[in-house]
1. Remind me, relative contact order of segment 15-78 in percent, using alpha carbon pairs under 8 angstrom and six or more residues apart?
2. Counting Lys and Arg as +1 and Asp and Glu as -1, what is the net charge of the other residues whose Cβ lies under 15 Å from the Cβ of Asp80?
3. Taking just the alpha-carbon atoms of segment 5-79, what radius of gyration and Dmax come out, in angstrom?
4. Fewest Cβ neighbours within 10 Å first, please rank Met107, Met1 accordingly.
5. Under 13 Å Cα to Cα from Lys101, which aspartates and glutamates show up? Leave out anything in the same chain fewer than 8 places away.
6. Using Cα positions and a limit of under 25 Å, work out the lysines in reach of Lys132, with same-chain residues fewer than 8 apart set aside.
Amino acid sequence: MARNVEIKARIISFPGVLQAAETLATEPIARFTQDDTFYCCPNGRLKLRRFAQGHAELIFYRRSDQAGPKTSFYDIARIDKPDELHCVLGNAYGVRGQVIKHRTLVMAGRTRIHLDKVEGLGEFIELEVVLKDDEPAEEGMEEAHLLMNKLGVSSDQLVEHAYIDLLDADEQ
């Protein structure tokens, strides 16, 4: 399984964080919409991510629910027939919910900076520091803290849970 170190935080000023992120960009900035359908999964999270361009990815991941940098383990498979796969997964596991987000992706070296406008939740930033196979997670955590400082993200903005969990909590 691949690994990265992640943080998620609420954004106070989307334009301000975007401007700071643009100064760190090492590749052209990308903007797109993602439609994530989550399935019931007892040992992690399983989602089918559909893109507006018609392609999709099946993503399984595990990570602890905690504020601040945390290690995430994940597998991703590209999908050619997302509607058929959705039908199979929905029948087999049950659909947990859906998250639709409008994402701005800024690459800063090996780190993916996601600026998200999540329908029903608001504006967030995610950092994903991609780790090498043999690299200690602590190195990625140091990089995440450094980027948090550069982007003006404070520890009181950090969010513990995935978007789907936040949406579930809002419904209760």
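Each reported figure results from applying straightforward, stated rules to the coordinates on display, with no laboratory input. No experiment lies behind these values; they were computed from the predicted model shown. Positions of Cβ are generated from backbone atoms using ideal geometry, with glycine treated the same way; all protein chains shown enter the neighbour counts.
1. Rounded, it is 20 percent for segment 15-78.
2. Computed value for this residue: +1.
3. 15.0, 40
4. Ranked by crowding around the Cβ, least crowded first: Met1, Met107.
5. Hits, sequence-local ones excluded: Asp35, Asp36, Asp116, Glu119, Glu123, Glu126.
6. Lys8, Lys47, Lys70, Lys150
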